[in-house]
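Structure first, then comments.
The values are calculated or read from the model by the stated rules, or taken from the named source; none is laboratory data. Here the structure is a predicted model, which is why all the values come from computation and not from measurement. Reconstructed Cβ throughout: ideal geometry from the backbone, glycine too, with neighbour counts over all protein chains shown.
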Amino acid sequence: MIIQVDKLSYEYSPNSVFAYHALREVTTSIQEGSFTAIIGATGSGKSTLVQHFNALVTPTGGSLTVDGKHIVANQKVKELKPLRKKVGLVFQFPEYQLFEETILKDVMFGPLNFGVSIDDARSIAQESLIRVGLDSSFYERSPLELSGGQKRRVAIAGILALSPKILVLDEPTAGLDPEGSASMMSLFQNLNASGTTIIMITHDLNHVLNYATDVVMLDQGHVVFEGHKETFFNETDLHEDYGLVKPPLLALRALLKEAKISFDAHTLDVNKLAQSIKEGKHV
Amino acid sequence: MSIIEIKNISFSYNNVDLALNDVSLSIPQGKYVTIVGHNGSGKSTIAKCIIGLLQTSAGEIIVDNLVLNNENVDAIRSKVGLVFQNPDNQFIGSTVKDDIAFGLENRRVDPKDMDEIIDRFAKAVNMHEYLNFEPTKLSGGQKQRVAIAGALSMTPQILILDEATSMLDPKGKSEVNDLVKQLHSQTNMTIISITHDIEEAYQSDIVYVMNEGKIIEFGDPKDVLAKETLLKSIKLDIPFALKFKYALNKVGIIVNDSNLEGMVKEL
């Protein structure tokens, strides 16, 4: 358990006419090394929840523990720096936050802020840029002349330069073309394989299906599901109850079920599904 | 009959690289046409050339029997509605009603008739309950539907959607796609959708695949999008229904249909 959330509530503008409960007594946990998708409709509290993970916001009720650091309600959190280094938070459209003259400088900004020497910061930045697939020809270019997908890579390299244990991503592929989106997702998959815990907010159930290991689903500030991806897709109809758009594989499974064709209802892989139809085995 | 006839057009943004390289296509009246390809393949450039926003360096464009030139450009623009990618960049009015009214005012429609026209098109995109809403209160999908209503209120013969759903979440995407499908079946309007969404392309009548400023393949999506090797070579995926068909083939089950419903029936 790398993150444990315990009866966490968060209210925006408390005691005012704009008071709004974004999270209500949320209890959930994130497994170390997992690739956890956070899903739910707009306004369900996804972004508010993940912003607690690096103490960008702190609870108005309840508590959470992030990699050993306990954060309780209404308590000033001291010594946040280590937490900020451990948990990298990538906002939606992070490319809007690039500001330095050159790409290398932009990625060096984080490490320099954490007191790393210029030489070390440079080599860390170079490594991070390689990890996101940008070679040395990019170092001295202005971030502003890049394409949308490339800019986003620079922004993510800036977070990776702090070598976070946990990477939190808020809809990282929004607005990218399919090729950009797929290569971005495989970057996260590689980071996950090398040990980084990935927490990703997404609206796209295809990404949940193809990349995630676990799912946390929110609705109106409450957790309505937490568990393995397979459990989510195989044993619940939650994606339908909450009007999420069905990935084609699930649409196919519904059709097969309706036609009373026997197939392996546990596989999420199209080739295995075809094989199970052939074997006519009902699992 | 072709409503749009494009003959050997070329275009360059910088006089060095050709964004469109000797492109010809012919779009039949009343069809739902998709153009797929990656960013930079020239998809959007074609749309901008058709309405004369960009001037081609060679070739000819004919829209509804009018040759695109300085004389005809206004007439051609009145036949073509265009909806762009970013929902926020094309919302001009302070409310939904004002936004749809903008085009009508430009066309000097009698204010007495305007309410009726606005109502009708707001209904067509299922936004009539939001007429007095400000854009900040709308989702991306709702804003795009208002943009479509604005384009439709000009009663175009051709509706071009330039990646109109690419910034929307899956729900907004399906709202807009369903609306477009419905419009197409009800009105016989020619629809040209420039898209990244291979599943949407699979549902269309004709698909054009673009790469590096050229059309590399076109025709019935059932055939064109079945060319796995070709699509993979330009890093596009094949539609899910065909993935399933191939997966069945691999284990020795042969089905003839190319839609999920049809294949399941055969099984």
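Residue by residue, here is whether (1) of a type in the set (A, V, I, L, M); (2) free of Cβ contacts under 8 Å to residues at least 12 places away in the same chain; (3) more than 19 Å from residue B:82 (Cα to Cα); (4) outside the structural domain of residue B:160 (by TED's automatic domain parsing) holds:
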site	(1), (2), (3), (4)
B:10	no, no, yes, no
B:18	yes, no, yes, no
B:22	no, no, yes, no
B:27	yes, no, no, no
B:31	no, no, no, no
B:50	yes, no, no, no
B:57	no, no, yes, no
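Check the stretch B:131-148 and report whether any residue there is under 12 Å from the mean Cα position of the chain (by Cα), closer than 30 Å to residue B:238 by Cα and either of a type in the set (Lys, Arg) or more than 14 Å from chain A (Cβ to nearest Cβ) (or both).
yes
Which residue out of B:239, B:221 is buried (at least 21 other Cβ atoms within 10 Å of the Cβ), touching a Phe, Trp or Tyr at 6+ places or on another chain (Cβ under 7 Å), at pLDDT 90 or above and within 11 Å of chain A (Cβ to nearest Cβ)?
Criteria check complete, one pass: B:239.
Identify the residue in the stretch A:251-263 that is surrounded by fewer than 17 Cβ atoms within 10 Å (Cβ to Cβ) and within 20 Å of residue A:231 (Cβ to Cβ) and, among all such residues, is nearest to the other protein chains (Cβ to nearest Cβ).
A:251
Which of the residues that make up the stretch B:224-236 are among the small types (Gly, Ala, Ser) and loosely packed, with under 14 Cβ neighbours inside 10 Å?
B:233
For the stretch A:219-244, how many residues are buried (at least 19 other Cβ atoms within 10 Å of the Cβ) and either within 14 Å of chain B (Cβ to nearest Cβ) or in a helix (DSSP H, G or I) (or both)?
Result for the stretch A:219-244: 5.
Can you tell me which residues in the stretch A:99-124 are among the hydrophobic types (A, V, I, L, M, F, W, C) and within 18 Å of residue A:135 (Cβ to Cβ)?
Of everything in the stretch A:99-124, those that are among the hydrophobic types (A, V, I, L, M, F, W, C) and within 18 Å of residue A:135 (Cβ to Cβ) turn out to be A:103, A:104, A:107, A:108, A:124.
Return a yes/no flag: does the stretch A:129-151 have any residue that is touching a Gly at 6+ places or on another chain (Cβ under 9 Å), buried (at least 22 other Cβ atoms within 10 Å of the Cβ) and closer than 23 Å to residue A:175 by Cα.
There is no residue in the stretch A:129-151 that is touching a Gly at 6+ places or on another chain (Cβ under 9 Å), buried (at least 22 other Cβ atoms within 10 Å of the Cβ) and closer than 23 Å to residue A:175 by Cα.
Report whether or not residue B:185 is at pLDDT below 95, out of contact with any Gly (no Cβ under 7 Å at 6 or more places or on another chain) and more than 23 Å from residue B:240 (Cα to Cα).
The answer is yes for residue B:185.
If we only count helices (runs of 4 or more DSSP H) wholly inside the stretch A:60-160, which ones have 1 or more residues that are of a type in the set (Lys, Arg), in the same structural domain as residue A:182 (by TED's automatic domain parsing) and modelled with pLDDT under 95?
Correct list: A:81-86, A:118-131, A:148-160.
How many residues does the stretch B:229-251 hold that are over 20 Å from residue B:39 (Cα atoms) and in contact (Cβ under 8 Å) with a residue 12 or more places away in the chain?
Total meeting the criteria: 7.
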